[in-house]
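**Q** Here's a structure for you.
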Amino acid sequence: MKFSWNKLSKPILALAPMEGYTDSAYRQLVKTYTPNVICWTEFTSADALKYKSRTSQKKIKCDKTEQPLIVQLFGKKPENFIQAIPYVENMNAAGIDINMGCPAKKVVASEHGSALIKTPELAAEIVYQVSKNTSLPVSVKTRIGFKEFDKAKFEKFCLNLEKAGAKLITVHGRTTKQGYSGKADWKPAYSLKKLLKIPIIGNGDIDSPESALSHIETLDGIMVGRATFGNPLLMYHIYKTLHPRSKKLKRLPDWFELAKKHIKLSVKTKGEKKGMLEMRKHLAAYIKGFPYAAKYRLRLVQVVSENEALALIDEIHKNSLK
Ligand SMILES: Cc1cc2nc3c(=O)[nH]c(=O)nc-3n(C[C@H](O)[C@H](O)[C@H](O)COP(=O)(O)O)c2cc1C
């Protein structure tokens, strides 16, 4: 059945796309315990896909358990997005998301990501051209402004994206200038919801089931990112709170089990060398706040092999029982 944002049970719970973190292993881990979470890929260059970059093709590779998966693309040339579409369609993605929110200097300097907020006609043209050339629903993830939040400008920008064919908009409640500082402002998303017909997802600073519940208001969904680092089960707890009648897990895995599963998935999807390199930051996040964190952090961020990492987790587990 064709994926449609309108057919999903609301509120939607989305795992934020996070470059360097939400790879296939992470998404599979989250979906193991919370299958109804909608996942986005890390942002991938439309230009690179057009030029058949193997790295970019690998980046959007996924397992069927991640479906419905939204592939996020960034770029600025409508024709390159169009040429990237077959790759996304061939991997059976559920939808295409256009990144209009990345604040990274390198990305903005090349007029990609959130720089598109400054060129609203081009932003709408990209959505229009992509929508015209695929049957997949096209969505946009954006911020509330570039330098500052201007209600009229922001709403016109989003209204034009809707007119151009966007089927959903995710709003991160910060400007580009803010980066990740300050507090996310969710009010622009609430007003946008009143204005647009398409579903709106809110994003920024959700770190508990309580904060998800208090921020949802009239929105169609919530997207959660950084707070899941080292705590992928947060998605389960948020989903259960937003959907109290959803299936309860009979047994929740502990930190040790989660970390070991994550290691195995990372190695399976990326091979031992790359998989373990990628795991280091996750392992440091898992251990954050533990009383014996300092003792093990240095060893965790230096692990090289799968066996070494699994043995270290077992050692930490054993010591935690003493
Ligand atoms: C390390 C990192 C990488 C990110 N990569 C992406 C990305 O590839 N695409 C995107 O749209 N947003 C990206 N973001 C932004 C997040 O999707 C999200 O909007 C932001 O972290 C705010 O949500 P949170 O407070 O729940 O983390 C990234 C954020 C972080 C911290």
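The values are calculated or read from the model by the stated rules, or taken from the named source; none is laboratory data. Please read these numbers as outputs of a predicted model, since none were measured by experiment. Cβ atoms come from the backbone with ideal geometry, glycine included; neighbour counts cover every protein chain shown.
**Q** Within the stretch 264-274, identify whether any single residue is within 30 Å of LYS183 (Cα to Cα), surrounded by fewer than 21 Cβ atoms within 10 Å (Cβ to Cβ) and not assigned by TED's automatic domain parsing to the domain that holds PRO11, and answer yes or no.
**A** No: the stretch 264-274 contains no residue that is within 30 Å of LYS183 (Cα to Cα), surrounded by fewer than 21 Cβ atoms within 10 Å (Cβ to Cβ) and not assigned by TED's automatic domain parsing to the domain that holds PRO11.
**Q** So which pairs qualify, if the first residue must be in the stretch 202-227 and more than 13 Å from PRO11 (Cα to Cα), the second must be small (Gly, Ala, Ser) and surrounded by fewer than 15 Cβ atoms within 10 Å (Cβ to Cβ), the Cβ gap must be under 8 Å, and the two must be at least 6 apart or on different chains?
**A** ALA227/SER208
**Q** Now, a different point. Looking only at the stretch 275-309, count every residue that is surrounded by 15 or more Cβ atoms within 10 Å (Cβ to Cβ) and of a type in the set (A, V, I, L, M) and tell me the total.
**A** Counting residues in the stretch 275-309 that are surrounded by 15 or more Cβ atoms within 10 Å (Cβ to Cβ) and of a type in the set (A, V, I, L, M) gives 9.
**Q** What is the residue count in the stretch 59-83 for residues that are within 16 Å of the ligand (Cβ to nearest atom) and not in a loop (DSSP other than H, G, I, E, B)?
**A** Counting residues in the stretch 59-83 that are within 16 Å of the ligand (Cβ to nearest atom) and not in a loop (DSSP other than H, G, I, E, B) gives 9.
**Q** Considering only residues that are within 17 Å of VAL37 (Cα to Cα) and of a type outside the set (Phe, Trp, Tyr), which ones fall in the stretch 237-251?
**A** HIS237, ILE238, LYS240, THR241, LEU242, HIS243, PRO244, ARG245, SER246, LYS247, LYS248, LEU249
**Q** Return the residue satisfying two criteria in turn: it lies in the stretch 191-212 and is more than 12 Å from the ligand (Cβ to nearest atom) and touching a strand residue (DSSP E or B) at 6+ places or on another chain (Cβ under 8 Å), and of such residues it is farthest from THR170 (Cα to Cα).
**A** Among residues in the stretch 191-212 that are more than 12 Å from the ligand (Cβ to nearest atom) and touching a strand residue (DSSP E or B) at 6+ places or on another chain (Cβ under 8 Å), the one farthest from THR170 (Cα to Cα) is LEU196.
**Q** Which numbered condition in (1) over 23 Å from ALA189 (Cα atoms); (2) in the same structural domain as ALA16 (by TED's automatic domain parsing) is the only one that ILE287 fails?
**A** For ILE287, the exception is condition (2).
**Q** So, one more: Could you list, in sequence order, all residues of the stretch 170-198 that are part of a strand (DSSP E or B), within 11 Å of PHE149 (Cβ to Cβ) and polar (S, T, N, Q)?
**A** Once the filter is applied, which keeps residues that are part of a strand (DSSP E or B), within 11 Å of PHE149 (Cβ to Cβ) and polar (S, T, N, Q), the stretch 170-198 yields only THR175.
**Q** Looking at (1) more than 18 Å from GLY113 (Cα to Cα); (2) surrounded by fewer than 19 Cβ atoms within 10 Å (Cβ to Cβ), which is the only condition ALA184 fails?
**A** All conditions pass for ALA184, except number (2).
**Q** Among the helices (runs of 4 or more DSSP H) contained in the stretch 227-287, which hold 3 or more residues that are within 16 Å of the ligand (Cβ to nearest atom) and modelled with pLDDT of 95 or more?
**A** Once the helices (runs of 4 or more DSSP H) in the stretch 227-287 are filtered for at least 3 residues that are within 16 Å of the ligand (Cβ to nearest atom) and modelled with pLDDT of 95 or more, what remains is 234-242, 272-287.
**Q** Of all residues in the stretch 19-50, count the ones that are touching a residue at least 12 places away in the same chain (Cβ under 8 Å) and outside any loop (DSSP other than H, G, I, E, B).
**A** 19
**Q** I've got another one for you. Scan the stretch 1-49 residue by residue and report those that are farther than 23 Å from THR241 by Cβ, of a type in the set (Gly, Ala, Ser) and within 15 Å of the ligand (Cβ to nearest atom).
**A** GLY20, SER24, SER45, ALA46, ALA48
**Q** Report yes if SER24 is crowded, with 21+ Cβ neighbours inside 10 Å, modelled with pLDDT of 95 or more and on the phi < 0 side of the Ramachandran plot, otherwise no.
**A** Spelling it out, SER24 is indeed crowded, with 21+ Cβ neighbours inside 10 Å, modelled with pLDDT of 95 or more and on the phi < 0 side of the Ramachandran plot.
**Q** Which residues, counting only those in the stretch 213-226, are away from the ligand (no atom under 15 Å from the Cβ) and either in contact with a strand residue (DSSP E or B) (Cβ under 7 Å, 6 or more places away or on another chain) or among the charged types (D, E, K, R) (or both)?
**A** Once the filter is applied, which keeps residues that are away from the ligand (no atom under 15 Å from the Cβ) and either in contact with a strand residue (DSSP E or B) (Cβ under 7 Å, 6 or more places away or on another chain) or among the charged types (D, E, K, R) (or both), the stretch 213-226 yields GLU217, ASP220.
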